[in-house]
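Structure first, commentary second.
The values are calculated or read from the model by the stated rules, or taken from the named source; none is laboratory data. None of these values were measured; they are calculated from a predicted model. So basically every Cβ, Gly included, is an ideal-geometry build from the backbone, and we count neighbours across all protein chains shown. The protein model used for the area step is the full one, side chains on, heavy atoms only, and it has no ligands, DNA or RNA in it. Shrake-Rupley method; radii C 1.70, N 1.55, O 1.52, S 1.80 Å.
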Amino acid sequence: MSRSDTFTRWAVVSSGEGGGRVTADFFARTENPGIDDRMILLNTNRADIRNTIEGSNVPETLAEKAVMFGSKRGVGNSFVDGRQCAQEDIDDIVSQIENDAGNADAFLYLTTLGGGTGNGSIPYLVNQFGDPTDIDDQRAWMRDGVHITFGIWPYYNEAIQQQFNAVCGLSRLLCREDNSQNADMVLLAANSHIEGDDTVGGSGEYELVNERIVEAVDLLISAGRETQRVIDVEDYVAQPSNISGYHFTPAVTTDENYQIRSLEHMFDRASEATYVPMDVETCRAAYAIVRAPEHLVGDELTTNDVKQAFDSWKRKHGLTGTVGMETLTPKRATGNGVDVLLLLGGFDLNPLVDHAWDQYESHRKNLAAGRRLGNERIPKGELDTIEENLRQYMKVNE
């Protein structure tokens, strides 16, 4: 992935209203040279695209990145319809991505998991782009890239269909129908957990959630650029895939004063702010990205300092056997503020999925009874496969 003349080139592809909001916020708040202008916003609803682009802080140039597919009227909350729209317009979608981001080495796909457009299209697109049997020689650039997804879990108090969609979406991001791996890495965030209320559900205002996701994406991509010990995209995906533990959640703390707090304490603070409910000590993979002002790097703060602190933090949490690595990357800043991103992977997913499992089973019974509540066109055999694939994946990581 890395070349002598450049760093990894990322592209961000969002689908649906929720994923589009995050991408727009990223576009408005952050200039990350790892992405440049390689951003694409997919949607089946013109109104959603318009609402995203007309945000007060979003540059007008983002309108050039918007791509409509399907009926142009949206698909409601039916991920089956979202997938079908992507299937019908796959050639147009591929052409747009190739035009805007065909030179990318790595693709980050953003979607919420409760809806229909993104939740339907993103697992399908990742499947198509990452499966060499479905790609002709002219589109080999897809197959050669790394495909990382960021799935955003609905608020716990959202409707039963959104919870059903989330369970199905998680399974489809993780696994193809034949139970083989789909995305190279699946990043997860939960709206309610980020807002700090695992019981009631959260405000539904999204600003804090989007801000935290933008922070994580910026740190994730910065790690492959000017680093003292490089963690790049291939490092993220190789070992976790080998142990079937390729789901992750970010844990972030920013602007920590290096003159006051130790690195190990920063790792503690980050791990207390995971993006989904989880037990850190169940992790099977862990990466640490430390970003510090240039004037600190090399003299006051070294790669060996980061490694020793991360090793000590892992020993404290019983994680010495995890796969992963650590890196130190500089940022252009004065002062002593240090940013930390932990990528924690292969953990027990039950604390997250438990929030939706009862609703998933209730919705499935409603579908079996013939009640038209959305997603009614999904074949029973396919739904059986979706459920069994998720159960098997979770069992490996319990």
Q) Under the condition of being part of a loop (DSSP other than H, G, I, E, B) and in contact with a helix residue (DSSP H, G or I) (Cβ under 6 Å, 6 or more places away or on another chain), which residue from region 299-324 is surrounded by the most Cβ atoms within 10 Å (Cβ to Cβ)? A) HIS317
Q. Do we have any residue at all in region 349-366 that's acidic (Asp, Glu), under 28 Å from VAL167 (Cβ atoms), surrounded by fewer than 17 Cβ atoms within 10 Å (Cβ to Cβ) and touching a helix residue (DSSP H, G or I) at 6+ places or on another chain (Cβ under 7 Å)?
A. no
Q: Would you please list the contacts, defined by Cβ atoms under 7 Å and residues six or more apart or on different chains, that run from a residue in region 81-97 that is surrounded by fewer than 18 Cβ atoms within 10 Å (Cβ to Cβ) to a residue that is outside any helix (DSSP H, G or I)?
A: GLU88/GLY70; ASP92/PHE69
**Q.** Filter pass, GLY335 being within 25 Å of the chain's Cα centre (by Cα) and in a loop (DSSP other than H, G, I, E, B)
**A.** no
Q) Among the residues of region 252-286, which ones are in contact with an Asp or Glu (Cβ under 8 Å, 6 or more places away or on another chain), of a type in the set (A, V, I, L, M, F, W, C) and either free of Cβ contacts under 8 Å to residues at least 24 places away in the same chain or not in a helix (DSSP H, G or I) (or both)? A) VAL252, MET278
**Q.** Unmet requirement for HIS295, which otherwise passes all of (1) of a type outside the set (A, V, I, L, M); (2) closer than 12 Å to LEU263 by Cα; (3) surrounded by fewer than 19 Cβ atoms within 10 Å (Cβ to Cβ)
**A.** (2)
Q) For region 78-90, which residues satisfy the criterion of being more than 16 Å from ILE386 (Cβ to Cβ) and not in a helix (DSSP H, G or I)? A) ASP89
Q: Could you tell me whether region 276-291 includes any residue that is more than 13 Å from LYS314 (Cα to Cα), modelled with pLDDT of 95 or more, under 18 Å from the mean Cα position of the chain (by Cα) and open to solvent by 20 Å² or more (accessible area, probe 1.4 Å)?
A: yes
Q: Select from region 116-154 the residues that are over 22 Å from ASN45 (Cα atoms) and assigned to a loop (DSSP other than H, G, I, E, B) and write down the one among them that is modelled with the lowest pLDDT.
A: ILE135
